[in-house]
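What follows is a single structure, written as structure tokens, with notes after it.
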Ligand code: NDP
Ligand code: HSE
């Protein structure tokens with residue numbers, strides 16, 4: 001099968017490495033005919049091409065791999081490729097979270113496949129297993145550590161007691177971070193992955209933004225305070241479904257030091273589901289990086305090459321966003337003197353640790369707490385908050 005790879009970056013080169021250097025039989029049947037680069041960039045390999053139309057009009061190309069990132073022109077190129085009856089495999093969660101339904105409908109109309117395993121959980125076969133679980137179960141909840149960059153930062157801030165910026169630079173050098181790392185550290189990348197995963201899990205086109213708070217303002221003192229409470233902080237995605245309602249949030253969560261989530265180190269991810277008969281099921285692996293991500297891309301290509309059954313996807317359920325489904329007790333580090341008044345009845349107590357003030361709330365919905373933290377940050381842009389994870393059984 002002839003394929004074209006759009007994007008000569010980290011993941012694109014990983015795809016080339018796996019297909020060109022590995023001698024497994026499946027990879028031998030895949031030929032990379034084109035590698036799309038930007039116009040004006042030097043063509044250092046014979047397969048390099050800077051005109052998307054050359055690729056789209058070549059009828060011998062059966063499949064296009066989109067690993068350029070961003071919204072445009074990725075959105076346009078994916079649609080054009082599908083309309084030219086080419087299968088599309090993408091790792092680009094930003095564009096998929098936004099246009100998943102449109103891509104799926106276009107692929108169905110043109111009787112081709114649109115697959116995106118690498119978009120959530122990097123090298124973990126997460127979406128594959130989510131589809132598998134859904135063949136039998138209703139999925140009630142999904143959650144996880146869905147961002148390698150932020151997990152790497154939190155892990156190394158804890159291990160090395162270094163500040164945020166130092167470790168972020170290293171995550172960028174290692175190829176984990178997005179081109180603009182704000183997407184990682186502000187939780188947008190996780191929000192995109194949660195939209196894709198929750199849409200699949202709950203059979204609904206979840207495009208609406210939900211409460212999202214990242215780790216941009218975390219301080220090494222916060223980590224020391226959480227450690228003194230025997231807690232470990234992780235940036236988590238959570239989505240729950242009850243009847244015809246769903247709730248979702250992306251925010252730092254505090255886990256007991258011996259919880260499975262606390263043991264996830266480096267750029268590893270953990271993707272969890274809870275289904276009717278299977279109960280809790282967790283998947284662990286490399287969530288970012290050249291070869292693990294390319295592995296997931298190549299797995300999709302092989303599924304299409306071998307004409308394996310397409311995953312059953314329906315985005316037809318009309319679920320209502322219920323802002324009260326995700327809730328808990330939060331700890332807020334702030335020097336905003338009005339914090340207590342802002343929190344009103346949800347204020348519980350204050351603790352001092354190494355000269356910093358940590359405010360504990362009563363149980364509050366994520367939706368309301370995220371409104372409050374915006375008000376708190378109007379006067380203290382460096383404030384941080386995390387919710388205490390509670391085991392619900
Ligand atoms: P990179 O920035 O390393 O690579 C993207 C490449 O695409 C760059 O070479 C870029 O060129 C090129 N490109 C962008 N726009 C165009 C265009 N219009 N025409 C031609 N080439 C273009 O990103 P990654 O490889 O890291 O990521 C690719 C995608 O995979 C993203 O959507 C990302 O979110 C996703 N992903 C990445 C993972 C990772 O670990 N890196 C893991 C999972 C998913 P230029 O450099 O000139 O901009
Ligand atoms: N920047 C992303 C991360 C890449 O760190 O998880 C994988 O999606």
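Can you name every one of the helices (runs of 4 or more DSSP H) wholly within segment 1-95 that holds 2 or more residues which are under 18 Å from residue 303 (Cβ atoms) and either assigned by TED's automatic domain parsing to the domain that holds residue 193 or modelled with pLDDT of 95 or more (or both)?
The qualifying helices (runs of 4 or more DSSP H) are 10-21, 74-83.
Can you report the number of residues in segment 66-96 which are more than 15 Å from ligand 2 (Cβ to nearest atom), touching a strand residue (DSSP E or B) at 6+ places or on another chain (Cβ under 7 Å) and under 18 Å from residue 39 (Cα atoms)?
Summing the residues that are more than 15 Å from ligand 2 (Cβ to nearest atom), touching a strand residue (DSSP E or B) at 6+ places or on another chain (Cβ under 7 Å) and under 18 Å from residue 39 (Cα atoms) in segment 66-96 gives 1.
Condition first: outside any helix (DSSP H, G or I), in contact (Cβ under 8 Å) with a residue 60 or more places away in the chain, closer than 22 Å to residue 384 by Cβ and within 16 Å of ligand 1 (Cβ to nearest atom). Now tell me which residues in segment 178-213 satisfy that. I'd like the intermediate steps shown before the answer.
Kept after step one, since they are outside any helix (DSSP H, G or I), are these residues of segment 178-213: 178-181, 186-187, 203-213.
In the following step, the residues that additionally are in contact (Cβ under 8 Å) with a residue 60 or more places away in the chain were identified as 178-179, 187, 203-208, 210-213.
Checking which are closer than 22 Å to residue 384 by Cβ leaves us with 178, 187, 210-213.
Scanning segment 178-213 gives 178, 187.
Spot the failing condition for residue 172; the list is (1) within 20 Å of the chain's Cα centre (by Cα); (2) more than 11 Å from ligand 2 (Cβ to nearest atom); (3) surrounded by fewer than 21 Cβ atoms within 10 Å (Cβ to Cβ); (4) part of a helix (DSSP H, G or I), and only one is missed.
Among (1) within 20 Å of the chain's Cα centre (by Cα); (2) more than 11 Å from ligand 2 (Cβ to nearest atom); (3) surrounded by fewer than 21 Cβ atoms within 10 Å (Cβ to Cβ); (4) part of a helix (DSSP H, G or I), the lone unmet condition for residue 172 is (2).
I'd like to check something: does segment 43-64 contain any residue that is more than 16 Å from ligand 2 (Cβ to nearest atom), touching a residue at least 60 places away in the same chain (Cβ under 8 Å) and under 25 Å from residue 285 (Cβ atoms)?
Yes.
Note down all Cβ pairs under 8 Å where the first residue falls in segment 336-358 and is in contact (Cβ under 8 Å) with a residue 60 or more places away in the chain, the second is loosely packed, with under 12 Cβ neighbours inside 10 Å and assigned to a helix (DSSP H, G or I), and they're at least six residues apart or on different chains.
Close Cβ pairs satisfying both conditions: 353/228.
Of all residues in segment 115-139, count the ones that are within 16 Å of ligand 1 (Cβ to nearest atom) and in a helix (DSSP H, G or I).
Restricting attention to segment 115-139, the residues satisfying the condition of being within 16 Å of ligand 1 (Cβ to nearest atom) are 115-128.
Checking which are in a helix (DSSP H, G or I) leaves us with 117-119, 126-128.
The qualifying residues number 6.
If I go through segment 207-239 residue by residue, how many of them are within 29 Å of residue 276 (Cβ to Cβ), modelled with pLDDT of 95 or more and surrounded by fewer than 21 Cβ atoms within 10 Å (Cβ to Cβ)?
1
Exactly one of these conditions fails for residue 288: (1) more than 15 Å from the chain's Cα centre (by Cα); (2) within 22 Å of residue 118 (Cβ to Cβ); (3) assigned to a loop (DSSP other than H, G, I, E, B). Give me its number.
Every condition holds for residue 288 apart from (1).
The values are calculated or read from the model by the stated rules, or taken from the named source; none is laboratory data. What you see is a predicted model, and the numbers here were worked out from it, not measured in a lab. Glycine also receives a Cβ, built like all others from the backbone with ideal geometry; neighbour counts cover every protein chain displayed.
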